[in-house]
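Here is the structure we will look at.
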Amino acid sequence: MTETLFHAYMPLILWTSLGLSICRFLPQWLPRFLGRGLYWVGVPLELFVLARQSQLGNFNHDIGLPLLAPIITLGSLALGLMLVLLVLWRFKAYSHNPASFILAAILGNTGFVGLAIAPFLINSEALGWAVLYSVTHNVIGPYGLGVVVASYFSQSKSSTSWWMQLREVLTVPSLWAFIVGMLTQKVQFPQTIESGLQGSIGIVIASAFLLTGIRLAQLRGWKSIKPAFIPAIIKVCIIPLFVGLATTWLLGLSGDQRLAMVLMSGMPSAFAGLILAEEYNLDRDLIASSIIISTLLLLLMLPLWILMFG
């Protein structure tokens, strides 16, 4: 498992460190330009490729998969939202940047980290659960619920009406890229295009890590990092614990199917949260700090999840 984590985390460590080291030499407009580029081009491209590769129709051997995995995904998002609203009601310190707190606590990195780790920790029969969780989460989480939250609390305050938020969701480029990807699964592109699409994923991942490093370099010490512990703990510790207990007692899952749901629900805070913060001009510090804190927490929690729910 140590070797698996090393290979999964190496791009994160490499590109985030590069962002930290070169931040002082970059123009001030570059981070926002990079974030908006990921929102409008990079992430849609990644989801387009993911949709074309996701053989969701080939999971017929597992009758419960098409229904249970999306339900568990939605349940984990709803649970996270309830926990976050409870914390926001109880602790007024987060009331000045509720959007960033919500995004950091409920959106998980199920793609870059989750799908990189899952094949090494669960068997191939249960891998479909992890894939379907990631697909459902990416479509409904960051670019569904995440867009609604980000647009509502945007500092521009120009999109608080329900129809404006509906327009924001319906015009999210990632949503349409995923739909087009699903519809073109059986379309064979020329080999050069297929290779280019595959190679673009690495560029998107590197750019997301680089943006995280740049924003981390701009943090103001412990004052910026301290608020990130609560959303990180919610995301990596509390939500997967509830998912593990609920799937055991309510759904009767066990073994690698249950572990797949626990692992994916406990992935660290998503880079998509930082991308949304750049697009909607939210607090970047809290999300960038949560990404790092929750990623470090994952190293401590993985052995515990495997022991409890494996």
*Residues with amide H under 5 Å from that of residue 270, placed H, sequence gap 5 or more*: 107, 108, 109
_Full-extension gain between residue 307 and residue 187, please, as 0.36 nm times their residue separation minus the C-alpha to C-alpha distance._
38.9 nm
*Dipole-positive endmost among 296, 248, 259 within region 234-310 (Cβ charges, Cα centre)*: 248
*With contacts defined as alpha carbon pairs under 8 Å and 6 or more residues apart, what's the relative contact order of region 166-285 in percent?*
25
_Under a Cβ-only charge scheme (Lys and Arg +1, Asp and Glu -1), can you give me the dipole magnitude of the chain about the Cα centre, in debye to the nearest 20?_
920
*asked:* Charges on Cβ only, +1 for Lys and Arg, -1 for Asp and Glu, centred on the Cα centroid of the chain; of 83, 178, 48, which one is farthest towards the dipole's positive end?
replied: 83
*Taking amide H positions as placed in the peptide plane 1.01 Å from N, state which residues far from residue 310 in sequence (5 or more) or on other chains have amide H under 5 Å from it.*
none
*Tabulate in residue order the Karplus-calculated ³J(HN,Hα) for region 131-138, using 6.51 cos²θ - 1.76 cosθ + 1.60 with θ = phi - 60°, rounded to whole Hz; enter x for Gly and Pro.*
5, 5, 4, 4, 4, 4, 5, 5
*Theoretical FRET efficiency, 1/(1+(r/R0)^6), r = Cβ-Cβ of residue 220 and residue 36, R0 25 Å, to 0.05*: 0.60
*Would you tally the net charge around residue 32, using a Cβ to Cβ cut-off of less than 15 Å, leaving residue 32 out, and scoring K and R as +1, D and E as -1?*
-1
*Read phi for every residue in region 212-219 and hand back ³J(HN,Hα) as whole Hz from Karplus 6.51 cos²θ - 1.76 cosθ + 1.60, θ = phi - 60°, with x for Gly and Pro.*
4, x, 4, 5, 5, 5, 8, 5
*Mind listing the phi-derived Karplus ³J(HN,Hα) values for region 145-152, rounded to whole Hz, using 6.51, -1.76 and 1.60 with θ = phi - 60°, and x for any glycine or proline?*
4, x, 5, 4, 5, 5, 5, 5
*asked:* Could you compute the longest span of the chain free of trypsin sites (Lys or Arg not before Pro) located in DSSP loops and having at most 14 other Cβ atoms within 10 Å, not counting the site residues?
replied: 1-156
_If I model a spin label as a point 7 Å beyond the Cα along the Cα-Cβ vector, how far apart are those points for residue 22 and residue 229 in nm?_
3.4
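The numbers here are math on the coordinates, done by the rules we state, and not lab data. Small disclaimer: the values here were computed from a predicted structure and weren't measured. Glycine gets a Cβ as well: all are built from the backbone with ideal geometry, and neighbour counts include every protein chain shown.
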